[in-house]
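The values are calculated or read from the model by the stated rules, or taken from the named source; none is laboratory data. Source: prediction; values computed, not measured. Methodologically, a virtual Cβ is constructed for each residue, glycine included, from the backbone with ideal geometry; neighbour enumeration extends over all protein chains shown. The protein model used for the area step is the full one, side chains on, heavy atoms only, and it has no ligands, DNA or RNA in it. Shrake-Rupley method; radii C 1.70, N 1.55, O 1.52, S 1.80 Å.
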Amino acid sequence: MKKVLYRHLFSKVLGFSLLLFSASFYAQEEAANATAEDAAQEVAADAAGGDPAKGKQIFNQNCAACHALDRKMTGPALANVEQRLSEEEGLDKEWLYAWIKNSPGVIASGDAYANKIYAEYNQAAMTPFPTLSNQDIDDILAYTAAPPSAPAQATAAAAGTGEAGAASGGISNEIILGALALVFGLLVVMLILVNKTLRRIAEANGVILEKEKAEKSVPLWKAFAQNQFLVLMSVIFLLLASAYFAYGWMMQVGVDQGYAPVQPIHFSHKIHAGDNRIECKYCHSSARVSKHSGIPSLNVCMNCHKSIYQYTGNPEGPSAEDLASGYTNEFYTKEIKKLYKAVGWDEENQKYTGEAQPVEWVRIHNLPDFAYFNHSQHVSVAGIECQTCHGPIEEMEIVEQHSPLTMGWCINCHRETNVKVAGNAYYEAIHAELSKKYGVENLTAAMMGGLECGKCHY
């Protein structure tokens, strides 16, 4: 017998000692002193004799509709207003008390600066606030004197940077991947050596590695073709499957459920209807009295966005999902600028330029011309909520067609939905007659003619 060299090479125990990786993370020490922002606000509070935190709340409730800290709106910017009036106009805090509590009275008294401001801002009189106390005004002034806080998004970014820095204290991912690659390479080399050794052992023992020629058999396709029963059943199955898929495809023609086009100006229903709780019919007012819900005029948008010129987001900052989708505060602010451009609004001078541009909105819900649907009949008379057909619109960042809007879907709704007749004068007479006819207490839309062809097709 031929002797094989190193035949017991792999019969011995082959041990590999792998490095154990452990990462220890150290918690960062909390700052003992107050932040620079808090310190600045405390200084402002001491100087103005007010509380900036309370002042911010009062400012948002009473002043934010017409004033901002760093830019002109309906009224002038109010950052450091007390200091600026004192240095530039020689006006003290007593003048501010009188102006805020009774601005028309100060104007009528002939005060030079009051009349100057009144004329500069198109004679738009400031709303008087006689209920505000001197302490409330001190709090507002303290807030206007305090430096602006860092945006929540910047805070989130700083937090993310801190997390990255903390993670860098452990073992790098590149080192771990490199070690795993090295182990994988050693395993591959080991398998190759084992294969070679086994072949040498086989040759030394006279084992010939030779593939036996398999007996030639009948091909599978030929055996299938010779079986007439299998061929017949296969043809029937293919015909039925083709008919099923063809029918399903044809039934989807004209059904746009899930359709969510990109609009020329991004409008977030999640922010407007969800976070801000704006009622649907404030913008789509014609849904109460008309066949169509209507596309809101840009002037409806400007009712709010004359004052809301940038998006500051939620106090906790944008969510991780929003950031991943690119929905940052800056993104929404740019969309507001698109609105200003379309409506022809001059931010600096707070007036319309007359250079408006049409916005080509993309329609989402579109019924065929032969189908009649009246929004007012469903919204005002039947009292159906918008979400019944349009889905959870207050949760949609981009609006999509929630329901299929097919004939079968409408018919099922008419069959299953009870009409709200209680306290509805529109149904008093017909309710009594139909209740006798059907012998029921609750009437469905189908019982009131909701399945008649002429109701929807005319």
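Name the single residue, out of those in the range 298-313 being open to solvent by less than 60 Å² (accessible area, probe 1.4 Å) and either outside any helix (DSSP H, G or I) or farther than 30 Å from residue 286 by Cα (or both), that is modelled with the lowest pLDDT. Explain how you work it out, then say what you get.
Step one: list which residues in the range 298-313 are open to solvent by less than 60 Å² (accessible area, probe 1.4 Å), which gives 298, 300-302, 304-305, 307, 309, 311, 313.
Still in the list and also either outside any helix (DSSP H, G or I) or farther than 30 Å from residue 286 by Cα (or both): 307, 309, 311, 313.
Numbers: 307: 89, 309: 91, 311: 91, 313: 81.
Filtering first and then ranking leaves 313.
Given the conditions (1) over 37 Å from the mean Cα position of the chain (by Cα); (2) surrounded by 13 or more Cβ atoms within 10 Å (Cβ to Cβ); (3) modelled with pLDDT under 85, and given that residue 138 satisfies all but one, which numbered condition is not satisfied?
Condition not satisfied by residue 138: (3).
Checking the condition free of Cβ contacts under 8 Å to residues at least 40 places away in the same chain and of a type in the set (A, V, I, L, M, F, W, C), which residue from 410, 386, 453 passes? Walk me through it before giving the result.
On the way: 410 fails: free of Cβ contacts under 8 Å to residues at least 40 places away in the same chain; 386 fails: free of Cβ contacts under 8 Å to residues at least 40 places away in the same chain.
Result of the check over 410, 386, 453: 453.
I want to confirm something. Restricting to the range 117-126 and keeping residues that are surrounded by fewer than 11 Cβ atoms within 10 Å (Cβ to Cβ) and more than 17 Å from residue 96 (Cβ to Cβ), which single residue is farthest from the chain's Cα centre (by Cα)?
Residues of the range 117-126 surrounded by fewer than 11 Cβ atoms within 10 Å (Cβ to Cβ): 119, 122-123, 125.
Filter once more, so that each one left must be more than 17 Å from residue 96 (Cβ to Cβ): 119, 122-123.
Details: 119: 42, 122: 38, 123: 40 Å.
Top of the filtered list is 119.
Output yes when any residue across the range 358-377 is in contact with a helix residue (DSSP H, G or I) (Cβ under 6 Å, 6 or more places away or on another chain) and over 30 Å from residue 426 (Cβ atoms), and no when none is.
yes
Could you tell me whether residue 354 is open to solvent by less than 30 Å² (accessible area, probe 1.4 Å) and either at positive phi or touching a Leu at 6+ places or on another chain (Cβ under 7 Å) (or both)?
Details: open to solvent by less than 30 Å² (accessible area, probe 1.4 Å): no; either at positive phi or touching a Leu at 6+ places or on another chain (Cβ under 7 Å) (or both): yes.
Against the criterion (open to solvent by less than 30 Å² (accessible area, probe 1.4 Å) and either at positive phi or touching a Leu at 6+ places or on another chain (Cβ under 7 Å) (or both)), residue 354 does not qualify.
When only residues in the range 250-297 that are open to solvent by 90 Å² or more (accessible area, probe 1.4 Å) and in a helix (DSSP H, G or I) count, which is modelled with the lowest pLDDT?
To start, the set of residues in the range 250-297 that are open to solvent by 90 Å² or more (accessible area, probe 1.4 Å) comprises 250-253, 257, 259, 262, 276-277, 279, 282, 288-289, 292, 295.
Now narrow it down to the ones that are in a helix (DSSP H, G or I): 250-251, 282, 288.
On the way: 250: 86, 251: 83, 282: 94, 288: 93.
Per the stated criteria, the residue is 251.
Considering the range 408-458 alone, what residues qualify as being among the β-branched types (Val, Ile, Thr) and under 22 Å from residue 376 (Cβ atoms)?
From the range 408-458, those among the β-branched types (Val, Ile, Thr) are 411, 417, 419, 421, 430, 440, 444; that's our starting set.
Matches in the range 408-458: 411, 417, 419, 421, 430, 444.
If residue 354 meets every condition in (1) touching a Phe, Trp or Tyr at 6+ places or on another chain (Cβ under 6 Å); (2) without any contact (Cβ under 8 Å) to a residue 60 or more places away in the chain apart from one, which number is that one?
So residue 354 meets the others, but not (1).
When you go through 406, 388, 417, 328 one by one, which is the residue that is more than 24 Å from residue 290 (Cα to Cα) and either under 28 Å from the mean Cα position of the chain (by Cα) or of a type outside the set (D, E, K, R) (or both)?
Values: 406 fails: more than 24 Å from residue 290 (Cα to Cα); 388 fails: more than 24 Å from residue 290 (Cα to Cα); 417 fails: more than 24 Å from residue 290 (Cα to Cα).
When all the criteria are applied, what remains is 328.
Mind listing just one residue for me: the one in the range 362-383 that is in contact with a His (Cβ under 8 Å, 6 or more places away or on another chain) and in a loop (DSSP other than H, G, I, E, B) and, of those, most open to solvent (accessible area, probe 1.4 Å)? Please lay out each step first, then the result.
Applying the first criterion (in contact with a His (Cβ under 8 Å, 6 or more places away or on another chain)) to the range 362-383 yields 365, 370-372, 375.
Filter once more, keeping what is in a loop (DSSP other than H, G, I, E, B): 365, 370-372.
On the way: 365: 51, 370: 134, 371: 26, 372: 84 Å².
My answer is 370.
State all residues of the range 407-458 that are among the β-branched types (Val, Ile, Thr), open to solvent by 50 Å² or more (accessible area, probe 1.4 Å) and part of a loop (DSSP other than H, G, I, E, B); if no residue qualifies, say none. Full working, then the answer.
Restricting attention to the range 407-458, the residues satisfying the condition of being among the β-branched types (Val, Ile, Thr) are 411, 417, 419, 421, 430, 440, 444.
Next, only the ones that are open to solvent by 50 Å² or more (accessible area, probe 1.4 Å) stay: 417, 430.
Hit for the range 407-458 is 417, nothing else.
So, residue 97, is that one open to solvent by less than 40 Å² (accessible area, probe 1.4 Å), of a type in the set (Ser, Thr, Tyr) and either farther than 25 Å from residue 349 by Cα or free of Cβ contacts under 8 Å to residues at least 40 places away in the same chain (or both) or not? Full working, then the answer.
Working: open to solvent by less than 40 Å² (accessible area, probe 1.4 Å): yes; of a type in the set (Ser, Thr, Tyr): yes; either farther than 25 Å from residue 349 by Cα or free of Cβ contacts under 8 Å to residues at least 40 places away in the same chain (or both): yes.
Spelling it out, residue 97 is indeed open to solvent by less than 40 Å² (accessible area, probe 1.4 Å), of a type in the set (Ser, Thr, Tyr) and either farther than 25 Å from residue 349 by Cα or free of Cβ contacts under 8 Å to residues at least 40 places away in the same chain (or both).
Go through (1) in contact (Cβ under 8 Å) with a residue 40 or more places away in the chain; (2) over 20 Å from residue 270 (Cβ atoms); (3) aliphatic (A, V, I, L, M) and name the single condition residue 364 misses.
(2)
Which residues, taken from the range 51-94, are in contact (Cβ under 8 Å) with a residue 12 or more places away in the chain and among the small types (Gly, Ala, Ser)?
Across the range 51-94, the qualifying residues are 53, 55, 64, 65, 68, 75, 79.
Test each condition in (1) under 23 Å from residue 386 (Cβ atoms); (2) part of a helix (DSSP H, G or I); (3) open to solvent by 70 Å² or more (accessible area, probe 1.4 Å) for residue 237 and report the one that comes out false.
Single failed check for residue 237: (1).
Quick one: residue 218 ticks every box in (1) surrounded by 10 or more Cβ atoms within 10 Å (Cβ to Cβ); (2) over 44 Å from the mean Cα position of the chain (by Cα) except a single one, so which number is it?
Tallying (1) surrounded by 10 or more Cβ atoms within 10 Å (Cβ to Cβ); (2) over 44 Å from the mean Cα position of the chain (by Cα), residue 218 fails exactly one: (1).
Quick one: would you say residue 114 is surrounded by fewer than 17 Cβ atoms within 10 Å (Cβ to Cβ) and farther than 21 Å from residue 58 by Cα? Give the steps one after another, and end with the answer.
On the way: surrounded by fewer than 17 Cβ atoms within 10 Å (Cβ to Cβ): no; farther than 21 Å from residue 58 by Cα: yes.
No.
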